[in-house]
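The values are calculated or read from the model by the stated rules, or taken from the named source; none is laboratory data. All values derive from a computational prediction rather than experimental measurement. Note that each Cβ is placed from the backbone with ideal geometry, even for glycine, and that neighbours are counted across all protein chains shown.
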Amino acid sequence: MTADSAEAFALGQDEIAALRKQLRGPLLLPGEPAYDEARSVWNAMIDRRPTLVARCLDVGDVVTAVNFARDHNIPLSVKGGGHNIAGLAVGPGLLLDFSLMREVQLDPAARTARAAAGCLLSDVDQATQVYGLAAPLGFVSTTGIAGLTLGGGFGYLTRRAGWTCDNLLSLNVVTATGEIVVASAEENPDLFWGLRGGGGNFGVVTSFEYRLYPVGPEIYGGIRFWPAEDAPAVLDLYRTLVASAPPEQVCVAFLRFAPPAPWLPPEIHFKPVVGILICDTGPLADAAERAAPIKSFGAPLGDVLQPRTYLSQQSLLDATQPPGRRNYWKSEYLPRLEPALLERAIAHARRMVSPYSAIILFPIGGALNRLPEGHSAAGNRDAAFALIIACAWEDAAADADNISWVRSTWRDLRAFSTGGTYVNFLTAEEGEERIRAAYGPNYARLVEVKRRWDPENLFHTNKNIVPRPA
């Protein structure tokens, strides 16, 4: 008997049959068709086998599954897009798979969208861009909206609009007692506060209502790469440009190996490079003028900075994040870009082990800094940049070397941190200390919200907020 077998949770065939009968969507057991598809996640380091998988079709299925997990005292996990680095979407016990719930409802006049919890970024972007609108989501189109939003969320529109969760208007939630509630500024405001950054700790969110912004359909964006030896000059230029960039212009710096992209010469594929990625959602003429210092700098190895659709921009990095690779990341928030940080980052980039590694500097300062720290659980209102140390590889035998590179790089560069970190990029091994760092002074209030809405910690397969006694 395995630890995740039905017997381990005292589930009989009659109970499983009864659950199957109550669900509108399929209930999958190990060995059944689609079970492996449903339990798989983006990070190949995660290989967990839940006892049961409920592929929910509607909110009724979610209520049924939550009640079943609570009444039978079995762990409950929730999978939206399955793109999270920690792979906590899949655990032992009962897995709720939202991949069949991907409806997007729009109100273009009000500039709002309601998206079901199984939606990927691409689902929302494709629906909203028909009207020249966009929600402030992430920057890889295959990411699920649920995990992104509940953990804060940042992307190309963050400088204009703040964290993704800052742009939530309401959420539909199934609580630990199986009740269906609305969380908004008017209804259950404490739950609304906690869900905006506090992850899946307080209930199962079945849909998200977002504020939308005029974006595109055409923007100015793309990437330009230079040889790695130009990194000091390129990053110096980058630091100068981002210091005065308007909120519409997002410039992301990369230290990485050149991807095997068709617009790059084959002879530089997997060679060290430095790059700047741009997404400018301002008027095209102004955006092109702002990009001129980058377009005219040095001798590039490749350049696809140009007018393009916002949908094209949102999927530009997808090929660098395919499912099936082993992934390990660390992240920190930065208050500014120190020259010493850039020097150390260049030195660590020279030690990268895998050709799929990268050190990324993503600017997020702007709208989020104008709100008080306690506006939402996401906090970190002193952050201006996200530092991401990302590593991917394919052979399990290379785990130790790649993880060691990420950890040693992080230990050195975190000296420049605000002290905060992005909760969505925490790996599975990181415990309460790092979760506390992600939430800072908001952590104590999160515990209070947890005690009210999930005092028995039914929702614990996540970056867990433990409901300690007052």
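Here's the yes/no breakdown for (1) under 21 Å from L341 (Cβ atoms); (2) surrounded by fewer than 22 Cβ atoms within 10 Å (Cβ to Cβ):
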{"position": "A384", "(1), (2)": "yes, yes"}
{"position": "T421", "(1), (2)": "yes, no"}
{"position": "G431", "(1), (2)": "no, yes"}
{"position": "P441", "(1), (2)": "no, yes"}
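For R381, the stated conditions hold: it is in a loop (DSSP other than H, G, I, E, B), outside the structural domain of S184 (by TED's automatic domain parsing) and over 17 Å from the mean Cα position of the chain (by Cα). Number of residues in the range 166-183 that are of a type in the set (S, T, N, Q) and over 11 Å from R114 (Cβ atoms) equals 3.
Okay, residues lined up against (1) touching a helix residue (DSSP H, G or I) at 6+ places or on another chain (Cβ under 9 Å); (2) of a type outside the set (K, R); (3) not in a helix (DSSP H, G or I):
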site	(1), (2), (3)
A243	no, yes, no
A253	yes, yes, yes
R256	yes, no, yes
P262	no, yes, yes
F297	yes, yes, yes
N327	no, yes, yes
E332	yes, yes, yes
L337	yes, yes, yes
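Restricting attention to the range 88-106, the residues that are farther than 15 Å from T142 by Cβ, in contact (Cβ under 8 Å) with a residue 40 or more places away in the chain and not in a strand (DSSP E or B) add up to 7. How many of the residues making up the range 120-140 are part of a loop (DSSP other than H, G, I, E, B) and surrounded by fewer than 23 Cβ atoms within 10 Å (Cβ to Cβ)? Residues that pass the stated criteria total 4. Listed by first and then second residue, the pairs with beta-carbon distance under 9 Å, at least 6 apart or on different chains, first residue in the range 68-87 and closer than 16 Å to L23 by Cβ and not assigned by TED's automatic domain parsing to the domain that holds L137, second surrounded by fewer than 24 Cβ atoms within 10 Å (Cβ to Cβ) and among the basic types (K, R), are L76/R70; K79/R39. State all residues of the range 331-364 that are of a type outside the set (A, V, I, L, M, F, W, C) and in contact with a Cys (Cβ under 9 Å, 6 or more places away or on another chain); if no residue qualifies, say none. Within the range 331-364, S354, Y356, S357, P363 qualify.
Scoring I388 on the criteria (1) β-branched (V, I, T); (2) under 20 Å from the mean Cα position of the chain (by Cα); (3) over 23 Å from T164 (Cα atoms) leaves a single failure, condition (3). When P293, P283, P259 are checked against the criterion of being modelled with pLDDT under 95 and not assigned by TED's automatic domain parsing to the domain that holds P75, P259 stands alone in meeting it.
Taking helices (runs of 4 or more DSSP H) as the structural unit, those lying wholly within the range 393-470 and holding at least 2 residues that are acidic (D, E) correspond to 399-413, 432-439.
Checking each residue in the range 39-76 for being hydroxyl-bearing (S, T, Y) and either under 22 Å from E179 (Cα atoms) or in a helix (DSSP H, G or I) (or both) picks out only T64.
E15 passes every criterion in (1) charged (D, E, K, R); (2) exposed (fewer than 15 other Cβ atoms within 10 Å of the Cβ); (3) modelled with pLDDT under 95; (4) farther than 29 Å from N327 by Cβ apart from (2).
The condition of being at pLDDT 95 or above, among the aliphatic types (A, V, I, L, M) and in contact with an Asp or Glu (Cβ under 9 Å, 6 or more places away or on another chain) holds for only one of V204, V140, that being V140.
On inspection, R436 passes the criterion of being under 22 Å from the mean Cα position of the chain (by Cα) and either among the charged types (D, E, K, R) or surrounded by 14 or more Cβ atoms within 10 Å (Cβ to Cβ) (or both).
Can you name every residue in the range 208-262 that is among the acidic types (D, E) and touching a Gly at 6+ places or on another chain (Cβ under 7 Å)? If the condition is that a residue be among the acidic types (D, E) and touching a Gly at 6+ places or on another chain (Cβ under 7 Å), then D230, E248 are the ones that fit. Of all residues in the range 22-36, none are within 24 Å of A135 (Cβ to Cβ), touching a strand residue (DSSP E or B) at 6+ places or on another chain (Cβ under 7 Å) and surrounded by 15 or more Cβ atoms within 10 Å (Cβ to Cβ). Filtering A176, A146 for residues that are more than 21 Å from L277 (Cα to Cα) and outside any helix (DSSP H, G or I) leaves a single hit, A176.
Pairing each residue of the range 275-291 that is touching a residue at least 24 places away in the same chain (Cβ under 8 Å) and of a type in the set (S, T, Y) with any residue that is assigned to a strand (DSSP E or B) and surrounded by 16 or more Cβ atoms within 10 Å (Cβ to Cβ), provided the two are 6+ apart or on different chains, yields C-beta distances under 6 Å for T281/I219. Look at the range 108-130: where a residue is in the same structural domain as V173 (by TED's automatic domain parsing) and a partner is assigned to a strand (DSSP E or B) and among the basic types (K, R), sitting 6+ places away or on another chain with Cβ atoms under 9 Å, you get R111/R211; T112/R211; A113/R211; G118/K79. Checking each residue in the range 212-254 for being closer than 20 Å to G162 by Cα and surrounded by fewer than 17 Cβ atoms within 10 Å (Cβ to Cβ) picks out P214, A243, S244, P246, P247.
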